[in-house]
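Trainee: Here's a structure for you.
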Amino acid sequence: MSTLHGSADAAGELLAREVHFAFARRPVLCGVTFRVGPGEVVSLLGANGSGKTTLLRLLLGLLQPASGEVTLNGKPLRRYPRRELAQRLAYVPQTHTTPFPYTVRDVVLLGRLPCTGLTHSPSRHDCAVVVDILARLGIGALAERRYSEISGGERQLTLIARALAQGARTLVLDEPVTGLDYGNQLRFLEHLRALAGAGYAIVKATHHPEHALMASTRVLLLHGGRIIDDGPPQQVVTPEAIARLYRVRVRAFSAPEARATAFYPADDTRLD
Amino acid sequence: MRLRTAIAAGRWPLLGLLLVVAVAAALAVGRYPLPVRDIARFALAGLHLIELPAEQWDLLYNVIVQIRLPRVLTAVLVGAALATSGTAYQAVFRNPLVSPELMGVLAGSAFGAALGILVSHHWAVTQALAFAMGVVAVAFGVSVARLAGGASVVMLVLGGVISGTLFTALLAVVSFVADPYQKLPAIEYWLMGNLSLTDLRTIGWTALPMGAGVLVLASLGPALDALAMGDDEARSLGVPVTAVRYGVIAIATLISALTVSLAGVVGWVGLIVPHVARLMVGPGNRRLLPASALIGALFLLLTDSISRSWYNVEIPIGILTALLGVPAFLIVLHRARKAWL
């Protein structure tokens with residue numbers, strides 16, 4: 001895999017090894033193992049309650065596994081100092097609003113926090129980094145707009161910008177296109193592909209099998225707290241897999257020469 | 001983008017200058033009005049730069065230093081402390097409608113003060129109990145939250161509501177058993193807030209922790225901005241969320257309880273001033289917290305000057321902050337509403 005930074009330290013490989021987790025003795029994840037490396041976009045597909053959100057929080061070090069471990073560049077997450085981890089691993093949440101009228105620039109500047117420290121003002125360099133990132137994502141003109149007043153697509157790009165401002169090479173996204181219109185969804189997925197092309201390692205949870213097909217290098221299927229498949233999108237995301245995950249019957253329409261697949265509900269979507 | 005930053009930065013010296021002018025003006029107004037020129041001459045004489053006749057010096061010393069300075073300093077301290085606590089609370093609880101009362105500190109302090117008035121004739125006992133019970137009330141609220149499941153915003157608010165209710169009920173018990181001719185009026189008077197209860201010595205030793213508390217809160221600005229985004233996001237930005245949240249609650253509680261020791265219950269400052277400050281310098285806590293401190297001090301000085309000069313009888317400060325606070329809040333609400341939705 002190619003990286004912009006040559007050193008192994010900057011690689012950004014995130015690895016979950018035999019991760020078990022339970023809430024109040026109810027097992028949520030059982031022996032989850034997978035790897036995300038630089039240049040990859042790994043999509044996590046699973047029904048509501050399959051453990052997707054829990055897995056993302058474990059990958060971010062917000063929860064500790066009951067057994068097994070999550071490592072970044074070979075070192076367990078819990079052994080990283082908090083701020084150092086934040087400079088390598090970033091969380092991109094679903095779009096939200098803030099109760100205070102922060103500007104887009106304010107929100108992205110927060111990404112510099114792990115670098116500058118909890119009590120320090122951002123420096124001229126931090127501001128320059130932010131301006132540069134906003135320009136790269138094509139939202140430079142929004143810098144002084146209020147974060148809560150821009151569109152959902154613009155907000156999602158702002159959150160990506162914040163993650164990049166952290167300097168992180170590994171991004172964890174929670175259902176990033178939820179609430180975006182069709183055009184913004186496609187444009188956003190294009191941004192993710194470009195970031196992976198630039199050497200970022202990306203994991204995203206998604207509700208859309210078609211998005212997993214379109215914008216991933218690999219797809220994981222999470223079912224009942226276990227990973228039941230892990231491979232290239234075209235192999236993994238099939239009508240059979242969808243039937244197993246979501247308990248609905250769909251038909252696939254493929255155009256192999258265009259490398260595109262669409263799913264369409266079967267006449268009777270019920271499974272027996 | 002530079003423009004807004006420049007304007008926001010330019011407001012700093014302006015606010016500081018305004019505060020100095022307001023202090024001078026507050027020293028001048030009252031039942032015995034003094035020209036600002038006399039105050040300036042008194043200050044210069046105090047620095048041994050000019051000479052004043054002895055009897056004029058004594059008169060000015062009595063009015064300025066013994067009568068007005070304690071309450072002017074009290075107004076500055078109490079205003080700054082309540083406004084800073086309010087701003088920090090709003091960030092920590094991610095809610096612009098929150099004030100330092102949320103965790104029950106004022107209810108606890110009011111109970112403590114009432115208890116002190118009931119059992120003792122010494123102000124020192126009342127002040128000490130006001131402070132102690134404010135701290136106890138918040139500790140109780142936080143413990144309830146922890147028993148119920150942790151440091152989340154919802155649990156803490158719930159704990160605060162329970163604690164506030166408990167201590168308000170305890171206050172009612174004290175009021176009910178208090179002698180209605182001697183003690184009850186004193187309790188009621190305390191609950192309305194009063195800036196004239198202190199002397200310079202008390203102000204001296206409370207100024208240090210209050211000033212330090214305001215500075216520590218102000219230094220946490222960037223961490224509070226991250227907290228306003230949500231717990232998971234703040235953690236993934238490297239912020240120790242639980243420590244910051246408990247730390248801010250502890251500091252805000254200490255300085256709010258001290259304000260009750262100094263001046264009784266002064267409501268509304270901690271709710272309104274943060275909004276006024278946000279309209280002036282934006283929501284970034286690095287600027288907002290110091291601006292809140294300055295505007296809080298200004299607001300209470302102004303209110304106190306009105307309370308001393310409007311009418312023959314001094315109007316209790318807590319009544320005026322509420323009366324002035326309601327229209328101020330309506331104006332702010334009108335302008336800030338869009339940002340909250």
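Trainee: Would you be so kind as to identify which of B:SER309, B:ILE331, B:PRO240 lies farthest towards the positive end of the dipole of region B:228-341, taking Lys and Arg as +1 and Asp and Glu as -1 on Cβ and the Cα centre as origin?
Mentor: The listed residue farthest towards the positive side: B:ILE331.
Trainee: Could you work out what % of the accessible surface of the protein assembly as shown is carbon and sulfur, using a 1.4 angstrom probe and leaving DNA, RNA and ligands out of the count? Each step should come with its number before you reach the end.
Mentor: Details: 16740 of 26980 Å².
In the protein assembly as shown, the share of accessible area belonging to carbon and sulfur is 62 percent.
Trainee: Once each part is reduced to its C-alpha centroid, what is the distance from region A:215-256 to region A:45-80 in angstrom?
Mentor: After rounding, the separation between the Cα centres reads 22 Å.
Trainee: Take every DSSP beta bridge with both residues inside the protein assembly as shown and express the antiparallel ones as a percent of the total, to the nearest 5.
Mentor: Working: 26 of 44 bridges.
Antiparallel bridges make up about 60 percent of those DSSP assigns within the protein assembly as shown.
Trainee: Can you list the residues in region A:117-146 whose accessible area drops by at least 10 Å² when all protein chains are present, compared with the chain alone? Use a 1.4 Å probe, heavy atoms only.
Mentor: Those are A:LEU118, A:THR119, A:HIS120, A:SER121, A:PRO122, A:VAL131, A:GLU144, A:ARG146, which lose 10 Å² or more relative to the chain on its own.
Trainee: Would you calculate the separation in nanometres between label points at B:GLU51 and B:ALA172, each defined as 7 Å from the Cα along the Cα-to-beta-carbon direction?
Mentor: Distance between label points: 6.7 nm.
Trainee: Another one. Can you pull the percent of Cα pairs in chain A with separation above 33 Å?
Mentor: Details: 8242 of 36856 pairs.
Of all Cα-Cα distances in chain A, 22 percent exceed 33 Å.
Trainee: Would you mind giving the mean number of other chain beta-carbons within 10 Å of the Cβ of each residue in A:101-110, as a whole number? Don't jump to the answer; show the numbers that get you there.
Mentor: Numbers: counts 9, 7, 5, 0, 4, 5, 3, 0, 3, 11.
Mean inter-chain Cβ contacts per residue within 10 Å come to 5.
Trainee: Please state the shape class of region B:88-189: rounded when a/c is under 1.5, otherwise prolate if a/b exceeds b/c and oblate if not, all from the C-alpha gyration tensor.
Mentor: Prolate is the answer for region B:88-189, as a/c is 1.5 or above and a/b outweighs b/c.
Trainee: Do the sum for chain A: with -39,500 (n - 2.57) for every DSSP H run of n ≥ 4, divided by all residues, what is the mean residue ellipticity at 222 nm, to the nearest 500 deg cm²/dmol?
Mentor: Values: 10 runs with 84 residues, N = 272.
Mean residue ellipticity at 222 nm (helix-derived): -8500 deg cm²/dmol.
Trainee: Please report, in debye to the nearest 20, how large the charge dipole of region A:203-272 is about its Cα centre when each Lys and Arg carries +1 at its beta carbon and each Asp and Glu carries -1 there. Kindly include the intermediate steps, with their values, before the conclusion.
Mentor: Details: 9 positive and 8 negative charges, 42 e Å.
Its charge dipole is roughly 200 debye.
Trainee: Is region A:120-272 rounded, prolate or oblate when judged by the Cα gyration tensor, a ≥ b ≥ c being the square roots of its eigenvalues, rounded requiring a/c under 1.5 and prolate requiring a/b larger than b/c? Before the final figure, lay out the partial values.
Mentor: On the way: a/c = 2.45, a/b = 2.16, b/c = 1.13.
The shape class here is prolate.
Trainee: Could you tell me which trypsin sites (Lys or Arg not before Pro) in region A:142-251 are loop residues by DSSP with no more than 13 other beta carbons within 10 angstrom of their beta carbon?
Mentor: Numbers: sites: A:ARG145, A:ARG146, A:ARG155, A:ARG162, A:ARG169, A:ARG187, A:ARG193, A:LYS204, A:ARG218, A:ARG226, A:ARG244, A:ARG247, A:ARG249, A:ARG251; in loops: A:ARG145, A:ARG169, A:ARG247, A:ARG249.
Sparse-neighbourhood loop trypsin sites (Lys or Arg not before Pro): A:ARG247.
Trainee: Assign unit charges at the C-beta atoms only (+1 for Lys and Arg, -1 for Asp and Glu), then state the dipole size of chain A relative to its Cα centre in Debye, rounded to the nearest 20. Could you put the intermediate results ahead of the total?
Mentor: Values: 32 positive and 24 negative charges, 149 e Å.
The calculated dipole for chain A is roughly 720 debye.
Trainee: Tell me the total accessible area that B and A bury against each other, 1.4 angstrom probe, in square angstrom rounded to 100.
Mentor: Result for this pair: about 2900 Å² buried.
Trainee: Continuing with the same structure: Calculated FRET efficiency, A:ASN48 and B:ALA250, Cβ-Cβ r, R0 35 Å, to nearest 0.05? Numbers along the way, then the final one.
Mentor: Details: r = 39 Å, r/R0 = 1.12.
With a Förster radius of 35 Å, E is 0.35.
Trainee: How far is it, in nm, from the label point at A:HIS20 to the one at B:SER196 when both lie 7 Å from their Cα along the line to the Cβ?
Mentor: So the label points at A:HIS20 and B:SER196 sit 7.3 nm apart.
Trainee: About its Cα centre, how strong a charge dipole does the protein assembly as shown have in debye, to the nearest 20, once Lys and Arg get +1 and Asp and Glu get -1 at the Cβ? Working shown, then result.
Mentor: Numbers: 53 positive and 38 negative charges, 140 e Å.
It works out to roughly 680 debye.
Trainee: Place the peptides B:151-160, B:130-139 in order of packing, highest mean first, counting for every residue the other Cβ atoms within 10 Å and averaging per peptide. Intermediate values should be presented prior to the final figure.
Mentor: On the way: B:151-160: 18.5, B:130-139: 24.2.
Most protected by this proxy first, the peptides run B:130-139, B:151-160.
Trainee: Helix A:182-197 versus the longest principal axis of chain A: what is the Cα-based angle in degrees, 0 to 90, to the nearest 10?
Mentor: Roughly 70 degrees, rounded to the nearest 10.
Trainee: Report the FRET efficiency, 1/(1 + (r/R0)^6), for A:CYS127 and B:HIS121, where r is their Cβ-Cβ distance and R0 is 60 Å, rounded to 0.05.
Mentor: Values: r = 59 Å, r/R0 = 0.99.
Using R0 = 60 Å, I get an efficiency of 0.50.
Trainee: Here is a follow-up. I'd like the distance between the alpha-carbon centres of region A:182-201 and region B:51-66, rounded to an integer number of Å.
Mentor: 75 Å
Trainee: While we're looking at this one, here's another question. Please report, for the Cα atoms of region B:33-340, the Rg to one decimal and the Dmax as a whole number; what are they, in angstrom?
Mentor: 20.3, 68
Trainee: Is the protein assembly as shown rounded, prolate or oblate when judged by the Cα gyration tensor, a ≥ b ≥ c being the square roots of its eigenvalues, rounded requiring a/c under 1.5 and prolate requiring a/b larger than b/c? Please report the intermediate quantities before stating the final value.
Mentor: Details: a/c = 2.87, a/b = 2.11, b/c = 1.36.
Cα axes put the protein assembly as shown in the prolate bin.
Trainee: Using a basic spin-label model with each label point 7 Å from the Cα along Cα→Cβ, how many nm lie between A:GLU144 and B:VAL154?
Mentor: 4.0 nm
The values are calculated or read from the model by the stated rules, or taken from the named source; none is laboratory data. Bear in mind the structure is a predicted one, so any value in this text is a computation, not a measurement. Quick reminder, even Gly has a Cβ in these numbers, built from the backbone with ideal geometry, and neighbours come from all protein chains shown. When the accessible area is computed, the model is the full protein with side chains, heavy atoms only, and any ligands, DNA or RNA have been set aside. Shrake-Rupley method; radii C 1.70, N 1.55, O 1.52, S 1.80 Å.
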